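J.: Pasting in a structure now, in structure tokens, and then I'll have a few things to ask.
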Amino acid sequence: MENELKVLGTEHIGKITFTGIEGGFGKDKKAMTINDIAVIHSTTVKRLNELINRNRKRFKNGIDIIDLLSNKNFEVVLNDLGFNQNQINRSNHIYLLSERGYAKLLKIMDDDKAWEIYDELVDNYFNMRVAIKENKPAIVNQERLKIMKDNSATRKANMLYKIAMATESNSSKENLLAKAAEVLTGEMTIPVMGKKTYTATDIAKECGISAQKVGKIANRLGLKADQPGQNKYGRWANSKSRYSDKEVPQWLYFEDGRKAVKKELEK
């Protein structure tokens, strides 16, 4: 059965250790429990469950997420995963996430380091392992070449972005950003310049709260665009990670976004 769950045992990806699972979201599709995700990201199951439940409408059942407590047939799998009956009885939810579900969770975690961990898991667990298991070296090589090509394009685009940000001329900045977009998407898009933006830290200082709380309010209100790009409240931009030399996505707020956060605080 395509949706039957199978526990693969302990997986090791670099320094990351977790329980490998197949099925639930389709034959040979990889999945991860919320408990393992909590350990990997050095957080708590309670916090991740709160994030999911607060944004539950964004997670599609059977595609992004499965509540293992919703089906008695999954109790056997829960036992294989190390859950005892007392833990099962005390839990309201025990979530299983697909790759897509995990990516959605990262968007609302507001954690720079999370994206670096996600790269590791996608390259070496969600996508690569099936090809290796089925002894298909050609598929593995193609996937590696694709990853290398994508990484090269990302590095080139990041370089253009950094040069653009250091350029005082708006017209030159627009051309460099358009070229960066062409490298990543194949299409040259001239960005709209001159719209004032605010970081979460800017708004936090203005309101006397933490930047993390600003991010939580924005997530609760659904201010951030689901895909790379922008909406009336702000836009995604690359920013230097505090944990490495990599560029990571950062949400910048337009005036409408700033006002929405402040209005929510006034309530």
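J.: Kindly write out, for the range 88-99 in residue order, the coupling ³J(HN,Hα) from the Karplus curve 6.51 cos²θ - 1.76 cosθ + 1.60 (θ = phi - 60°), rounded to whole Hz, with x marking Gly and Pro.
T.: Here the 3J(HN,Hα) series is 5, 5, 7, 8, 7, 9, 10, 8, 10, 10, 7, 4 Hz.
J.: Tell me which residues come under 5 Å, amide H to amide H, from Ile65 once H is placed; ignore anything under 5 positions away on its chain.
T.: Lys60, Ser98
J.: Could the peptides 15-22, 212-219 be put in order, highest first, of the mean number of other beta-carbon atoms found within 10 Å of their residues?
T.: Ranking the peptides 15-22, 212-219 by packing returns 212-219, 15-22.
J.: Ordered by residue, what ³J(HN,Hα) values in Hz, to whole numbers, does the range 39-47 give under the Karplus form 6.51 cos²θ - 1.76 cosθ + 1.60, where θ = phi - 60° and Gly and Pro are x?
T.: Karplus-based 3J(HN,Hα) across the range 39-47 equals 5, 4, 9, 6, 9, 10, 4, 4, 5 Hz.
J.: Sticking with this structure for a sec: Residue by residue, what Karplus-based ³J(HN,Hα) values in Hz, rounded to whole numbers, does the range 214-227 have, using 6.51, -1.76 and 1.60 with θ = phi - 60° and x for Gly and Pro?
T.: Along the range 214-227, the couplings run 4, x, 5, 5, 4, 5, 5, 7, x, 6, 7, 5, 5, 10 Hz.
J.: Need one word for the range 200-266: rounded, prolate or oblate. Basis is the Cα gyration tensor (sqrt eigenvalues a ≥ b ≥ c); a/c below 1.5 gives rounded, then a/b vs b/c decides. Mind showing how you got there, number by number?
T.: Working: a/c = 2.21, a/b = 1.34, b/c = 1.65.
Note, shape of the range 200-266 comes out oblate.
J.: Of the listed peptides 62-70, 40-48, 99-107, what is their order by residue-averaged count of other C-beta atoms within 10 Å, with the highest listed first?
T.: The peptides rank, most packed first, as 99-107, 62-70, 40-48.
J.: For the range 1-92, rounded, prolate or oblate, judged on the Cα gyration tensor with a ≥ b ≥ c (square roots of eigenvalues), a/c < 1.5 rounded, else prolate if a/b > b/c? Each step should come with its number before you reach the end.
T.: Values: a/c = 1.18, a/b = 1.05, b/c = 1.13.
It is rounded, given that a/c, with a ≥ b ≥ c, falls under 1.5.
Only the coordinates and a few stated rules stand behind these numbers; no lab work does. Note that the structure is predicted; figures quoted are calculated from it, not measured. Counting neighbours? That spans all protein chains shown, and the Cβs are built from the backbone with ideal geometry, glycine included.
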